[in-house]
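The values are calculated or read from the model by the stated rules, or taken from the named source; none is laboratory data. Worth saying up front: this structure is predicted, and the values here are computed from it rather than measured. Cβ sites come from the backbone with ideal geometry, for glycine too, and all protein chains shown count toward neighbours. These accessible areas exclude ligands, DNA and RNA; they are computed on the full protein's heavy atoms, side chains included. Shrake-Rupley method; radii C 1.70, N 1.55, O 1.52, S 1.80 Å.
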Amino acid sequence: MSAPTAARQPRPRDAEATKAALLRAATTEFAEYGLAGARVDRIAERAGANKRLIYVYFGDKDRLFDAVVDDQSRAVMAAVPLPDGDLVAFAAARFDYILANPEARRIAHWRAFERGEPTEEELAAYRLRLQAIAEAQQRGRVRDDLPAAELFALVLRMSEGWLAAPSALWAAAGGDPMAPERLARHRDAMLAAVRSVIQG
């Protein structure tokens, strides 16, 4: 007697797990090689998936890169909130996040270098940030003589300044630039500078 039909059928693929694995693999690949240098073959191999599934789930390499950017944007929004427009807390959280997630910084740099237009998700995230700052300005919690966008741009750069500094600056400063005591000292200095900038 033959086995029941259901037992002979192949187990259905876990589409969401495969898609997530491809996204993780793509994040690593794009962080290392950028959009132009990334290879879908390597992404599929990293994910342990068929290359064809990249096109099924994401469309093509460009749209896969956009999916990685959006995934990174969601992760940053969740990990680095801007409660009540508190730019000091934001700068501290962003510094800590970038330090703990070097791939996120590399993806952001490749994205700025290789893509001109933001995704809709990126744009929505930045609009929310600017709205929070503008509301803090209206309540008198943040200086209002600078537009919210300019103020936010300054804080963004300050929060990653040491981590994105030229190697020559690290060498000139002496010591290990990533030593815990160096990072703690810089974090304190960065937050003091942010307070100075946002208070005017």
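Once you list every other residue whose beta carbon is under 14 Å from the beta carbon of ASP86, what net charge do they have if Lys and Arg are +1 and Asp and Glu are -1? Walk me through the numbers on the way to the answer.
Details: positive: ARG94, ARG129, ARG139, ARG141, ARG143, ARG195; negative: ASP84, GLU135.
Computed value for this residue: +4.
Can you tell me the orientation of helix 180-199 relative to the chain, as the angle in degrees between its alpha-carbon axis and the longest Cα principal axis, to the nearest 10?
Once rounded, the angle reads 60 degrees.
Can you compute the radius of gyration and Dmax for the stretch 51-104, using only the Cα atoms, both in Å?
Calculated on Cα positions, Rg and Dmax stand at 14.9, 45 Å.
How much area per residue is accessible in the stretch 18-175 when the probe is 1.4 Å and only protein heavy atoms are counted (Å²)?
Value for the stretch 18-175: 52 Å² per residue.
If you stretched the chain out fully between LEU123 and ARG63, how much longer would it get, using 0.36 nm times the residue separation minus the C-alpha to C-alpha distance?
On the way: separation 60, 0.36 × 60 = 21.60 nm, distance 1.64 nm.
Fully extending the segment from LEU123 to ARG63 adds 20.0 nm.
If you put +1 on each Lys and Arg Cβ and -1 on each Asp and Glu Cβ, how big is the dipole of the stretch 14-161 around its Cα centre, in Debye rounded to 20?
On the way: 21 positive and 25 negative charges, 54 e Å.
Approximately 260 debye in magnitude.
Given the stretch 30-149, report the % of alpha carbon pairs whose separation exceeds 18 Å. The partial results should precede the final answer.
Values: 4256 of 7140 pairs.
Of the Cα pairs, 60 percent sit more than 18 Å apart.
Using θ = phi - 60° and the Karplus form 6.51 cos²θ - 1.76 cosθ + 1.60, what ³J(HN,Hα) does each residue of the stretch 81-93 get, whole Hz, x for Gly and Pro?
x, 10, x, 6, x, 6, 6, 5, 4, 4, 4, 5, 5
Set Lys and Arg Cβ to +1 and Asp and Glu Cβ to -1, take the dipole of the chain about its Cα centre, and tell me which of VAL88, ALA15, ALA112 lies farthest positive.
So the residue we want is ALA15.
Here are some values of semi-axes √(5λ) of the Cα gyration tensor in Å: [x] 28, 19, 17; [y] 27, 22, 17; [z] 40, 21, 15. Which one was computed from this structure?
Evaluating semi-axes √(5λ) of the Cα gyration tensor in Å on these atoms matches [z].
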